[in-house]
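The values are calculated or read from the model by the stated rules, or taken from the named source; none is laboratory data. On a predicted model such as this, the values are computed, not experimentally measured, just so you know. Reconstructed Cβ throughout: ideal geometry from the backbone, glycine too, with neighbour counts over all protein chains shown.
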Amino acid sequence: MWATNLRIIGIVLGVLALYTLIANKIPQVQSEVPKALNLSSNVTPEQLVSAGDQLFHGAGGCTACHGLGTRAPNLLTDEKGLGPIGARCGKREPGKDCKAYLYESLINPRAYVVAGYEPIMPEMGRTLSPQQLWALVAFLESQGATVDVSASDIPPAAGPAAAAASSGGGGGPGKIADGSTDPMAIIRGAGCLGCHKIGTEGGAIAPNLTHVGSRLSQALIRECILKPDTRVSKGYEKFVGVMPKTFGNMLTGAQLEALVQFLASHK
Amino acid sequence: MTDGLLVLQAAADTATAYRDFPVIGSRAAIWIAAEIHLMFAAFVLGVPIFAVVAEAIGIFGKDQRYDRLAKEFTRLLLIAYSATAIWGAVLVFLLSTLYSKFWAYLTAIFGVSMWVYVALFFVESFTLYLYYYGWDRWKYGRSKLVHLGLGILLNIWGTTVMFIADSWLTYMMTPPRDITPETSPTSIKLWHAILNHTWMPINIHRLIGNVVFGGAIVSAYASYRFLAARTDEERAHYDWMGYVGNFIAISALIVLPFAGYWLGREIYQYDQSMGITMMGGFMSWLWVIQAFLIAVLFLAGNYYLWVGMGRIPGAERYRPYTKWLLVVLVLGALVWGTPHTMIADSRELAAMGGSHHPLLGALGVMSAKNTAVNLMILSTFLSFLLYRRANIRQVVPWAKTGTRIQAGMFVIAAAIVLFFGIRGYFVEAIVRIGYSVYQVGAVLACIIFVTLIDVLMARGAQSLGAIQWGKMPPRSQYALFILAVTFTWLMGLMGFARSGIRQHWHVWQIMQDTTKYAATPALGYAAIMISTCVLIFLSLVAFIFWLGGLAEKSTFVPAVSPVEAPHVGD
């Protein structure tokens, strides 16, 4: 009987191990929480675009439909010969400029359903704050149009707690991770894990940084952070321009050096 | 919801709303408590359903074996009820101490229903005790019918309890749209909150799922007793019990996808983004795992039937067909497991030449998947039909015509499934979605009418020999264990899908989770949690069964010839 018992235990454990193994072998994608934005009154277009970029590719969930060519129109790439969204947003509705069209499309998506697609887009105003919505508008404008979203469009975030909850999407140097020089705090605060993977954390749509120190010197890592498009890893050509170019303005010198040394040590 | 409110909520939350659980964290603690409670609850709700059905078959079919089977099922329930209550209490204590603000919000809306829930659980428990301990006292005549009535009452209480609990969790997923973050919970009408978008689909889905789960656990119990049996008679009894449990599990499994489809449609109708998150967002890979699990279920279930045909005289006539059924099942499983739209990195996108694979992408769409699963269901039904009629020769004069009509129904159902599957590629998505209803309708109609014809044809049929219950190789019993583990794991996985699509919201778009565990974890972490829960649950169930064996001998009665036991449904 003991042999039978052991066989049963072996089968149960074997089946559990198999399912667990398979689930761990597939790409690991975590659903992130959209970070609240606290954009200052002198927020620059670059900062808005950067924040919108992070939302678009991360917690905003936009890429689940846009860019696949089936569920929703392409926004960052050409859509049926009309170019990316920035090239066409100003011509979609007579008398409505690009900014107004994009904002209304986000808060009331059923107002302008593109022919050939179904009205499946949720009202983003239910899940995103006005600041986040305007950051998205700025990012979408940056795809072929002039970014004309400014601080005057954006209502202020409420309360002193806003600063504590702010992400790296806006503000000047030191805003990321409250100026902390803890490399992982910077990485999380800057949203790097939305695209890059480090160890077991992060996404898979940008180069894996787990062993980046074995591929790049400190100088090259620094250059890639400050000027992301100067060196493009093989296989990621399609994503040129996706990484924000604003980290030089958003990180303090101490933060940048801490980050560079941390990544360089990952051999 | 405004950013300001979220921020204020976050600030308040960090002060008083949450506590952390040592070592594993509060999310993992709640996960384990909720899932194991749910597994026990599914077991104690599913088993009474077929216990009472078995008892009714025993009464009206005048077959005592079914009555004894029902009693043995019910005996397994007694300790399982205590375990359900204990884990339920653990869950409530953890919720109220770790997520006190959220718990206060829920109780402000559902407080009255929670009192009713407790009262009904109390009544349900005592009905169970009366049902079980009164079994031998109310055994004959009208009193037996009263006893059957107790069983029905037990199911009514249990189902009502489940419906109440479902209202809490479905409110968290799909709160009525007129409720906003600013709505005071005390101003929300209870019935309005209960009647939310996914309440009834979840109720139905869980009702069927519980029967599947209960059947699988009982058949695993029977298979263990089969392997441990010391006499042929005992082995025959537990072979039959395992067959009945598996029959019930697989029968209910066949209709479960239809209930799941209804639930999915309601989720989409409530909020497209929630549906997209579930099917095409960060959870898209989950469905590949689900397809793998379903494939295991179909293959193991059919394998058990095919091996079981070895103990039926006359079944050799049908053996050549099994390899073709296997081909359909394997091909169907491969199509169902083909990914469509999912998050891929740049190298994968470049390798595929786009967001979809040029060849396999066509198989990843719902047209192909619906076709595959419907053909798998038809194949499984055909397996069962062959098993069922293996040892009989029909003597009714229209037997040949009836068989031809049955074959025609299979062909027509398969043709309808294929036709709408192929046509789905050439129409708009909104039209395509409607096609699945025709496919499901064709399969269900085939199952119902073919079964009806088969029952009529079997009247007065000539026996080719009695089923040799107990003459099963041990590997068939291990297949039942694999089925039980897979059903349990699948339940955990789909629970993660249902709960996970709320993402960082306690109550969707009304109350945000602001803990450090707010991000919904990736599938790898979820799989580890699910496996842990399944292991704890199965260990406890094994302990409970062992206790049951200590307390009382099995209801197996060797004096009755096992070979007289009929098929289910005969």
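Between B:Gly500, B:Gly492, which is assigned by TED's automatic domain parsing to the domain that holds B:Ala526, touching a strand residue (DSSP E or B) at 6+ places or on another chain (Cβ under 8 Å), under 24 Å from B:Leu293 (Cα atoms) and buried (at least 16 other Cβ atoms within 10 Å of the Cβ)? Break it down stepwise before answering.
On the way: B:Gly492 fails: touching a strand residue (DSSP E or B) at 6+ places or on another chain (Cβ under 8 Å).
Checking each option against the conditions leaves just B:Gly500.
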(Q) Exactly one condition in (1) more than 22 Å from B:Phe282 (Cβ to Cβ); (2) within 18 Å of the chain's Cα centre (by Cα); (3) at pLDDT 75 or above is false for A:Asp229; which is it? (A) (3)
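Listed here are the residues, each with its yes/no results for (1) within 18 Å of A:Thr146 (Cα to Cα); (2) among the hydrophobic types (A, V, I, L, M, F, W, C); (3) modelled with pLDDT under 85.
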| site | (1), (2), (3) |
| --- | --- |
| A:Thr70 | no, no, yes |
| A:Asp78 | yes, no, yes |
| A:Cys89 | yes, yes, no |
| A:Tyr103 | yes, no, no |
Q.
If B:Tyr525 satisfies all but one of (1) within 14 Å of chain A (Cβ to nearest Cβ); (2) touching a residue at least 24 places away in the same chain (Cβ under 8 Å); (3) surrounded by fewer than 21 Cβ atoms within 10 Å (Cβ to Cβ); (4) in a helix (DSSP H, G or I), what's the number of the condition it fails?
A. (2)
Q: Go through (1) free of Cβ contacts under 8 Å to residues at least 12 places away in the same chain; (2) part of a helix (DSSP H, G or I) one by one and return the number of the condition B:Tyr132 breaks.
A: (1)
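Does the range A:49-56 include one or more residues that are of a type in the set (Val, Ile, Thr), buried (at least 17 other Cβ atoms within 10 Å of the Cβ) and in contact (Cβ under 8 Å) with a residue 24 or more places away in the chain? Step through it out loud before you land on a result.
The initial filter retains those residues of the range A:49-56 that are of a type in the set (Val, Ile, Thr), namely A:49.
Remaining after also requiring buried (at least 17 other Cβ atoms within 10 Å of the Cβ): A:49.
If we keep only those that are in contact (Cβ under 8 Å) with a residue 24 or more places away in the chain too, we end up with A:49.
Yes, the conditions are met somewhere in the range A:49-56.
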(Q) Which count do you get for residues in the range B:456-481 that are more than 26 Å from B:His237 (Cβ to Cβ) and outside any loop (DSSP other than H, G, I, E, B)? (A) 3
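Yes or no: B:Tyr435 away from every other protein chain (no Cβ under 14 Å) and under 30 Å from B:Ile289 (Cβ atoms)?
Numbers: away from every other protein chain (no Cβ under 14 Å): yes; under 30 Å from B:Ile289 (Cβ atoms): yes.
Yes: the conditions hold for B:Tyr435.
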Q: Hey, could you check the range B:165-213 for residues that are of a type in the set (S, T, N, Q) and closer than 18 Å to B:Gly46 by Cβ and say which is surrounded by the most Cβ atoms within 10 Å (Cβ to Cβ)?
A: B:Asn210
Q) Hey, among the residues in the range B:96-135 that are over 25 Å from B:Val52 (Cα atoms), among the hydroxyl-bearing types (Ser, Thr, Tyr) and in contact with a helix residue (DSSP H, G or I) (Cβ under 8 Å, 6 or more places away or on another chain), which one's surrounded by the most Cβ atoms within 10 Å (Cβ to Cβ)? A) B:Tyr99
Q: Would you point out which residue out of B:Trp398, B:Trp469 is in contact with an Asp or Glu (Cβ under 6 Å, 6 or more places away or on another chain), away from chain A (no Cβ under 14 Å) and more than 27 Å from B:Tyr261 (Cβ to Cβ)?
A: B:Trp469
(Q) Restricting to the range B:254-275, name every residue that is in contact with a Phe, Trp or Tyr (Cβ under 8 Å, 6 or more places away or on another chain) and assigned to a helix (DSSP H, G or I). (A) B:Ile254, B:Met274, B:Gly275
Q | Considering residues of the range B:96-118 that are without any contact (Cβ under 8 Å) to a residue 24 or more places away in the chain and of a type outside the set (A, V, I, L, M) only, the residue farthest from B:His192 (Cα to Cα) | A | B:Ser96
Q | Hey, B:Ala484 crowded, with 23+ Cβ neighbours inside 10 Å and closer than 19 Å to B:Arg27 by Cα or not | A | no
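Could you tell me which of the residues B:Asn196, B:Asn203 is in the same structural domain as B:Ile510 (by TED's automatic domain parsing) and either modelled with pLDDT under 90 or assigned to a helix (DSSP H, G or I) (or both)?
B:Asn203
Looking for whichever is crowded, with 19+ Cβ neighbours inside 10 Å and more than 7 Å from every other protein chain (Cβ to nearest Cβ) here; the options are A:Val29, A:Val15, A:Val43. Which one fits?
Working: A:Val29 fails: more than 7 Å from every other protein chain (Cβ to nearest Cβ); A:Val15 fails: more than 7 Å from every other protein chain (Cβ to nearest Cβ).
When all the criteria are applied, what remains is A:Val43.
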Q) Is at least one residue of the range A:90-103 buried (at least 19 other Cβ atoms within 10 Å of the Cβ) and among the basic types (Lys, Arg)? A) yes
Q. Can you name the number of the only condition in (1) in contact with a Phe, Trp or Tyr (Cβ under 9 Å, 6 or more places away or on another chain); (2) over 20 Å from B:Gly46 (Cα atoms); (3) buried (at least 18 other Cβ atoms within 10 Å of the Cβ) that B:Trp138 fails?
A. (1)
(Q) Yes or no: the range A:63-86 includes at least one residue that is more than 14 Å from every other protein chain (Cβ to nearest Cβ) and part of a helix (DSSP H, G or I). (A) yes
Q | Unmet requirement for A:Ala145, which otherwise passes all of (1) surrounded by 15 or more Cβ atoms within 10 Å (Cβ to Cβ); (2) assigned to a loop (DSSP other than H, G, I, E, B); (3) within 12 Å of chain B (Cβ to nearest Cβ) | A | (3)
(Q) Please go through the range A:101-123 and give me each residue that is part of a helix (DSSP H, G or I) and either touching a helix residue (DSSP H, G or I) at 6+ places or on another chain (Cβ under 9 Å) or at positive phi (or both), ordered by number. (A) A:Tyr101, A:Leu102, A:Tyr103, A:Glu104, A:Ser105, A:Leu106, A:Ile107, A:Pro109, A:Ala111, A:Tyr112
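A quick yes/no check of all residues on (1) of a type in the set (Gly, Ala, Ser); (2) buried (at least 19 other Cβ atoms within 10 Å of the Cβ):
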residue: B:Val255; (1), (2): no, no
residue: B:Ser273; (1), (2): yes, yes
residue: B:Leu297; (1), (2): no, yes
residue: B:Ile312; (1), (2): no, yes
residue: B:Arg317; (1), (2): no, no
residue: B:Tyr321; (1), (2): no, no
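For A:Ala59, indicate whether it is outside any helix (DSSP H, G or I) and aliphatic (A, V, I, L, M). First the steps, then the outcome.
Details: outside any helix (DSSP H, G or I): yes; aliphatic (A, V, I, L, M): yes.
Against the criterion (outside any helix (DSSP H, G or I) and aliphatic (A, V, I, L, M)), A:Ala59 qualifies.
Residue by residue, here is whether (1) under 17 Å from B:Gly332 (Cα atoms); (2) under 28 Å from the mean Cα position of the chain (by Cα); (3) part of a loop (DSSP other than H, G, I, E, B) holds:
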position: B:Ala368; (1), (2), (3): yes, yes, no
position: B:Ser379; (1), (2), (3): yes, yes, no
position: B:Val396; (1), (2), (3): no, no, yes
position: B:Arg404; (1), (2), (3): no, no, no
position: B:Phe410; (1), (2), (3): yes, yes, no
position: B:Ala413; (1), (2), (3): yes, yes, no
position: B:Phe419; (1), (2), (3): yes, no, no
position: B:Asp454; (1), (2), (3): no, yes, no
Q: Tell me, yes or no, whether the range A:117-126 has at least one residue that is within 21 Å of A:Leu37 (Cα to Cα), away from chain B (no Cβ under 14 Å) and surrounded by 15 or more Cβ atoms within 10 Å (Cβ to Cβ).
A: no
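Can you name the residue in the range B:22-63 that is outside any helix (DSSP H, G or I) and at pLDDT 90 or above and is also surrounded by the most Cβ atoms within 10 Å (Cβ to Cβ) among such residues?
Step one: of the range B:22-63, the residues outside any helix (DSSP H, G or I) are B:22-24, B:61-63.
Then drop every residue that is not at pLDDT 90 or above, which leaves B:22-24.
Values: B:Pro22: 7, B:Val23: 7, B:Ile24: 13.
Among those residues, the one meeting the criterion is B:Ile24.
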